[in-house]
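*Asks:* Can you keep this structure in mind? I'll have questions shortly.
Coordinate-derived values only; no laboratory data. Because the structure is predicted, anything quoted here is derived from the model rather than measured. All Cβ positions, even for glycine, are placed from backbone atoms using ideal geometry, and neighbour counts span all protein chains on display.
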Ligand SMILES: N[C@@H](CCC(=O)N[C@@H](CS)C(=O)NCC(=O)O)C(=O)O
């Protein structure tokens, strides 16, 4: 049995993705820094583990992995081939594409809105910037909503690794104090994700 250690705080969306994947594949692991504060990754000891000063990192038998989506893919490939890791290359490509969607299309807009509304005091908020990013964020979720009109999960009718980053982003979107457009397919998907214990415990935590 491999020795597995997750590094990073529970309030980080990127750590949450790794955590959710670890729970989906039912792997025992040690968790370092679960309740640490923002800024902890730049402590010199942790920078030996990840010189980027970012969480998460995952150590597997002493080998360190960086990048949350890489960690999700690794766990899916090693521990959940045929389920989280789709064997069909086209289904896998769709699943992968939604992982990249979260990091490339969604993340910049989410970062601006989330940090602006949740981690910035009201008097310091740049409301013009937050407003513009909010419009783009609604656009991102309209794309997700439309993709889900004929499927239960992002890559088809089964839950795969692609649902982990997309689902983590969707929770933040649903929990932010925003007037959201009507997104019936994304709403049903959101309810479906909530049937998973790890989604409720690892992702649906109070925004802070
Ligand atoms: N692309 C990286 C981004 C990692 C990242 O930006 N992590 C943030 C938390 S979400 C971080 O470490 N921030 C510094 C801190 O927590 O002090 C990944 O997906 O793992």
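*Asks:* Could you tell me what a quarter of the Cα convex hull surface of the chain works out to, in nm² with one decimal place?
*Replies:* Values: hull surface 46.7 nm².
Approximately 11.7 nm², given one-decimal rounding.
*Asks:* Given 0.36 nm per residue, what is the gain on full extension from residue 66 to residue 151 after removing their alpha carbon distance, in nm? If you can, show how the numbers build up before the last one.
*Replies:* Details: separation 85, 0.36 × 85 = 30.60 nm, distance 3.10 nm.
Extra length from residue 66 to residue 151 when fully extended: 27.5 nm.
*Asks:* Using only the alpha carbon atoms of segment 64-108, find the Kirkwood hydrodynamic radius as the inverse mean reciprocal pair distance, in angstroms to one decimal. Please report the intermediate quantities before stating the final value.
*Replies:* Numbers: mean 1/r = 0.0907 Å⁻¹.
Final number for the Kirkwood radius of segment 64-108 is 11.0 Å.
*Asks:* Moving on to the next point. When the chain is treated as a GNM, springs tying every alpha-carbon pair under 10 Å, which of 56, 181, 165 comes out with the largest mean-square fluctuation?
*Replies:* Sorting by GNM fluctuation, first place goes to 181.
*Asks:* Using Cα pairs closer than 8 Å and at least 6 residues apart in sequence, work out the relative contact order for the chain, in percent. Don't skip to the end; give the middle numbers.
*Replies:* Working: 270 pairs, mean separation 48.7, N = 208.
Result for the chain is 23 percent.
*Asks:* For 36, 188, 68, what's the fewest-to-most ordering of other Cβ within 10 Å of each Cβ? Show your work: numbers first, answer last.
*Replies:* Values: 36 19, 188 14, 68 29.
Listed from fewest to most nearby Cβ atoms, that is 188, 36, 68.
*Asks:* Mind sorting 143, 55 by how few other Cβ atoms lie within 10 Å of their own Cβ, fewest first?
*Replies:* By the 10 Å Cβ count, ascending: 143, 55.
*Asks:* What value, in deg cm²/dmol to 500, does the helix sum -39500 (n - 2.57) over DSSP H runs of n ≥ 4 give at 222 nm once divided by the residues of the chain?
*Replies:* So the helix-based figure for the chain works out to -15000 deg cm²/dmol.
*Asks:* Oh, and also: When the Kirkwood hydrodynamic radius is evaluated over all pairs of different C-alpha atoms of segment 39-117, what value in angstrom, to one decimal, is obtained? Could the numbers behind the result be given before it?
*Replies:* Values: mean 1/r = 0.0689 Å⁻¹.
Result for segment 39-117, one decimal place: 14.5 Å.
*Asks:* Taking each pair of distinct Cα atoms in segment 89-201 once, what is the resulting Kirkwood hydrodynamic radius in Å? Each step should come with its number before you reach the end.
*Replies:* Values: mean 1/r = 0.0687 Å⁻¹.
By the Kirkwood definition, the hydrodynamic radius is 14.6 Å.
*Asks:* While we're on this one: Determine, for 17, 191, the number of other Cβ atoms within 10 Å of each Cβ, and report the residues in order from fewest to most.
*Replies:* Numbers: 17 26, 191 9.
By the 10 Å Cβ count, ascending, the order reads 191, 17.
*Asks:* Find the eigenvalues of the gyration tensor of the Cα atoms of segment 1-65, then list the square roots of 5 times those eigenvalues as equivalent ellipsoid semi-axes, largest first, in whole angstrom. All intermediate terms of the calculation are to be shown ahead of the outcome.
*Replies:* Details: eigenvalues 70, 40, 15 Å².
Semi-axes, largest first: 19, 14, 9 Å.
*Asks:* On to the next question. Between segment 43-84 and segment 127-192, what is the separation of their alpha carbon centroids in Å?
*Replies:* 25
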